[in-house]
Amino acid sequence: MNNSDKTNDLLRSIVKLASSEKKKSGFLIGNTTKIDKEGLFFTPLRNTSHMVIGGVIVFSENQAIEITEVVDGKVDYVLVDAEKKVADVNSISGESSNIERAVREIVIKSKLWVYKGNDLSVEAVDTLLGYLFKDSLKGIGGKRIAIIGGGNFGSKLALKLVERAANVFLTRRDKGKLKTIVDAINLIKPRYTYAKVNCTKDNLLAANKAEALIGTTNGKAIITQEMVQSLAKNAIIIDAGKGTLTLEALKIAAKRSIPIYRLDITAALAGMIETQLTMEENIEKKMGRREFQSESIVAGGIFGREDEFVVDNITNPKLVYGIANGIGDFIRDLSPNQIERLKKMEEYISNH
């Protein structure tokens, strides 16, 4: 079965389930540097609160184009990964392929959303850790967490976790690049966050006494039995790079009863879908500026001019938030005239 046939099979499953549950249908087109022996691979069908979605991970613009031509118009939404992870094999300079642009040029019938794959992964790991440490008095704060692989994914995750006051140990083979990354993270983290990110080329040193060990290398088995043996009691392991543990490491983890979690972006994807749908509704139905009851009103995040009323919905206002001061906030000390106008506006809205 070729890629087009596989895509159509997945689309039929998506549309059938979405229709039966009265949900939106979606198809995700991602890209990655991890080459699969099949050339591309299809993601699981996921059923979230608002959307039934499946997808594919591609390794070239041509694959993205082939899939998009099949998908457009058969689902409500096409989601494309904006991150440039795939090298253009036809480019002498080795520049990245632009999967997003290739998909944008084709999608006409479906609505197009853009997302960032690594950001979903970071959110998924962060949320998982937050849940796993939910019974700890400080949560993630104060925990020693080792991240093996200081690339884009690992570095973003390190920043997120140090902001939670975790003591992060980040590793990468290139010590020069690693030091630059770690220095930058420690520079931009919140001023009063005393935890910091530490850098080392020594994976075993990073793992020693760690309460969480996270492998972010892309399918490379780099977590060894020695690293697992050195972890703190009751530690956890997250295989975020999918295939980051050696067989010996897996055996030691089982022997020590250390739980291993595989990266699952379902929760993060559901959150992203909710955010996108809410933003879409806000922009298309709630955002704007118009005259209403002889007053100028704004809604949905439009920057309010001085003396304008800020409401919840430009089409059908039900709530008045206040009167804009013209510099990004509300007037706190209203004049008698403004108080009277505000009262009249609120009364009219409550009665209609």
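Every read-out reported here was derived from the displayed coordinates using simple, explicitly stated rules and does not represent laboratory data. Owing to the predicted nature of the structure, the values given are computational and were not obtained by experimental measurement. Counting neighbours? That spans all protein chains shown, and the Cβs are built from the backbone with ideal geometry, glycine included.
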Rounded to the nearest 5, the percent of DSSP beta bridges in the chain running antiparallel is 25 percent
If amide H atoms are built 1.01 Å from N in the plane of the peptide, which residues on other chains or at least 5 residues away come under 5 Å of the amide H of G322?
-> V310
In debye to the nearest 20, how big a dipole does the range 179-303 give about its Cα centre with +1 on each Lys and Arg Cβ and -1 on each Asp and Glu Cβ?
-> 560 debye
Quick one: dipole size for the chain, taken about the Cα centre, charges +1 on Lys/Arg Cβ and -1 on Asp/Glu Cβ, in debye to the nearest 20.
-> 1460 debye
Could you name the lysines whose alpha carbon sits less than 20 Å from that of K220, not counting residues in the same chain fewer than 8 places away?
-> K34, K37, K85, K156, K175, K177, K201, K242, K251
Coordinate range along principal axes, alpha carbons of the chain, Å, largest first | 74, 54, 44
Taking the Cα centre of the chain as the origin and placing charges on Cβ (Lys, Arg +1; Asp, Glu -1), which of V320, Y261, G288 is farthest toward the positive end of the dipole?
-> Y261
Options V78, I148, I67, ranked by Cα towards positive dipole end of the range 41-193, top entry (Cβ charges) = I148
Taking 0.36 nm per residue of separation between S296 and E21 and subtracting their Cα-Cα distance, the length gained on full extension comes to 94.9 nm
Virtual spin-label span in nm between S257 and A232, 7 Å along Cα→Cβ = 1.9 nm
Residue among G304, L17, M1 farthest towards the positive dipole end of the chain, charges placed on Cβ | M1
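What length, rounded to one decimal in nm, is gained on full extension from E274 through to N351, with 0.36 nm per residue of separation minus their alpha-carbon distance?
24.6 nm
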Among chymotrypsin sites (Phe, Trp or Tyr not before Pro) in the range 246-311, those in a DSSP loop whose Cβ has at most 12 other Cβ atoms within 10 Å are F303
Run the dipole for the range 1-58 about the Cα centre, Lys and Arg Cβ at +1, Asp and Glu Cβ at -1, nothing else charged, and hand back the magnitude in debye, nearest 20.
-> 240 debye
When the Karplus curve 6.51 cos²θ - 1.76 cosθ + 1.60 is applied with θ = phi - 60°, which whole-Hz ³J(HN,Hα) does each residue of the range 121-136 get, with x for Gly and Pro?
-> 5, 4, 4, 5, 5, 4, 5, 4, 4, x, 6, 5, 9, 5, 8, 7
DSSP beta bridge pairing in the range 279-352, given as percent antiparallel to the nearest 5 | 75 percent
In straight Cα distance, which lysines are under 23 Å from K22, not counting same-chain residues fewer than 8 positions off?
-> K74, K109, K111, K285
